[in-house]
Amino acid sequence: MNRLPLIISGFTGAAGRFGGMASQILQDRLELLALELREAKIRFVQAIILVCMAVVFSLLGLLLLVMACVYVMPPEWRLYGLAFAAAASMLAGTVAFMVLLRHLERKPLAFDQSLTELKKDATCFSTRN
C-alpha cells in the first residue's frame, strides 16, 4: 500500500520534468523562428531597396543617354542615337535586375534553420529507445 503513492509521485515528477523540457524546446524553437523572421524581413527590405535603385538608375541612365544623343548627334543620325541610348539603358537595367536575382538566389530559404530543428525534434521523439 505504501508503494502506490511513491509510484504516483514518480510519474508526476517525470511528467513535470518532461513538460518542462517540452516547454523549453518550444521556447527555443520560437526564439529561433523570431530570429529567422527578422532576418527574412531584413533581406526583403534589402531586395526592395535594390529594386528601387535599379529602376531609378535605369530610368536616369535612359534619360541622360537620350538627351546626350539628341543633343550631340546631327539631325540625320538622331534616330540611331535614340535607339542606341534606349538599348544601353535597357542593358543597364537588365544587369541591375540580374544582380538582384543572383543576390536573392544566394540566400537560404526563410525559416530554414527552424525547419531543420523541427525535423530533428520529430526524429528524436518518434524513435523508440
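Derivation of every value follows stated rules applied to the coordinates shown; laboratory data play no part. Predicted model, so just to flag it, every value in this text is computed and none were measured. Positions of Cβ are generated from backbone atoms using ideal geometry, with glycine treated the same way; all protein chains shown enter the neighbour counts.
For segment 32-119, the Cβ-based charge dipole about the Cα centre amounts to some 80 debye (Lys, Arg positive; Asp, Glu negative; other atoms uncharged). Along segment 98-103 the Karplus relation, 6.51 cos²θ - 1.76 cosθ + 1.60 evaluated at θ = phi - 60°, assigns HN-Hα couplings of 5, 5, 4, 4, 5, 5 Hz to successive residues, with x for each Gly and Pro. Across segment 32-119, Cα pairs under 8 Å and at least six residues apart give a relative contact order of 44 percent. Using the Karplus relation 6.51 cos²θ - 1.76 cosθ + 1.60 with θ = phi - 60°, the per-residue 3J(HN,Hα) values for segment 57-68 come to 5, 5, 5, 5, x, 4, 5, 5, 5, 5, 5, 5 Hz, with x marking Gly and Pro. Measuring r between the beta carbons of ALA88 and ALA40 and using R0 = 30 Å, the FRET efficiency lands at 0.25. The shape of segment 32-119 can be summarised by an equivalent ellipsoid whose semi-axes, obtained from the alpha carbon gyration tensor, come to 44, 11, 5 Å from longest to shortest. Among CYS69, CYS124, the ranking by other beta carbons within 10 Å of each residue's beta carbon, starting with the fewest, stands as CYS124, CYS69.
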